[in-house]
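Everything on this sheet refers to the single structure shown next.
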Amino acid sequence: MIFMSWLKTFTLMAFLTALFLAIGYYFGGTGGMLFGLAFAGIMNFLAYWYSDRFVLWIYKAKPLDTKKHRNIERMTERLAEKAGVPKPRLYYLDTETPNAFATGRSPSKGVVAVTKGLVEKLDDDEIEGVIAHEIAHIKNRDTLTQAMAATMAGAITWIGHLFFFGDRENRNIFSYLLLFIVAPLAAMLIQMAISRSREYAADRTGGAISNPLSLAAALGKISKAAEEKPMRGGNEATAHMFIINPFSAGGVASLFSTHPPVELRIKRLKEMA
């Protein structure tokens, strides 16, 4: 498991470094490629060490008031013990959309963030199922790669705009294709490949350490809420980190969904039970 986690992390770093080099070479030749290499090195360093803090900062996450939410503190302690990992730190997002995500570069640095909507709109059994799913991501060492993918996807968008708006004289149809189609598509495909298989695994592990029917019920409620009132003010580059994509993903965007169909996830969990 640890070897596979490192392999995924290295592959992600190598792919995105190559992408930065290609973008830099296209727009600036050798000099641009050197800039791309330097930028990739900085981003790899920051993504590895600080991507979890970056994601928490995006959503203005605050430590969960464990005195007020003692039930969540206790269930997290119990589930972490069953999973064989250190108890993750708990954070709180002040948004009405029910959802949750996990982050942290290792199990000892694990973090589980829950939204206001999750705490208020789901019952304790359903919340426990969600916490179990997120602890499963920590146990399976998915969180580092997921957080890095979010950070790097944001970097691709940033560097694309930097070159596009800074090189008006050499702008052409290929510039548009590279900056607004190829680069974002590459980021989405990486996120999709990382997330889809990992969501099934986290559902399976989470269902094993809690109640799979409670997790299935939670997925149904969270998915319905996301359809009726998608999250506003977040960053779609982080969509793959949440237990359910909290943003609207209709039309063509649904082809590149970072999550497997919720109906199939619920079906598998019911089969577990």
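The values are calculated or read from the model by the stated rules, or taken from the named source; none is laboratory data. These figures come from a predicted structure and were not determined experimentally. Here the Cβ is made from the backbone with ideal geometry for all residues, glycine too, and neighbour counts use every protein chain on show.
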What number of residues in the range 57-84 are part of a loop (DSSP other than H, G, I, E, B), at pLDDT 95 or above and among the hydroxyl-bearing types (Ser, Thr, Tyr)?
0
Hey, among the residues in the range 204-248 that are under 11 Å from the mean Cα position of the chain (by Cα) and of a type in the set (A, V, I, L, M), which one's surrounded by the fewest Cβ atoms within 10 Å (Cβ to Cβ)?
ALA237
Test of understanding: among ALA100, ALA83, which residue is touching a residue at least 60 places away in the same chain (Cβ under 8 Å) and touching an Asp or Glu at 6+ places or on another chain (Cβ under 7 Å)?
ALA100
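Matching residues to (1) assigned to a helix (DSSP H, G or I); (2) at pLDDT 95 or above; (3) surrounded by fewer than 18 Cβ atoms within 10 Å (Cβ to Cβ):
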| site | (1), (2), (3) |
| --- | --- |
| PHE39 | yes, no, no |
| MET43 | yes, no, no |
| SER51 | yes, no, no |
| VAL55 | yes, no, no |
| LEU90 | no, yes, no |
| SER108 | yes, no, yes |
Flag if VAL130 is of a type outside the set (Ser, Thr, Tyr), modelled with pLDDT of 95 or more and farther than 20 Å from ALA226 by Cβ
no
Enumeration of residues in the range 70-102 that are β-branched (Val, Ile, Thr) and in contact with a Gly (Cβ under 8 Å, 6 or more places away or on another chain):
VAL85, THR95, THR97
Among what's in the range 8-21 and is crowded, with 17+ Cβ neighbours inside 10 Å and either at pLDDT 75 or above or touching a Lys or Arg at 6+ places or on another chain (Cβ under 7 Å) (or both), pick the residue that is nearest to GLN146 (Cα to Cα).
THR17
What's the number of the condition THR115 fails, among (1) in contact (Cβ under 8 Å) with a residue 40 or more places away in the chain; (2) crowded, with 24+ Cβ neighbours inside 10 Å; (3) of a type outside the set (A, V, I, L, M, F, W, C)?
(1)
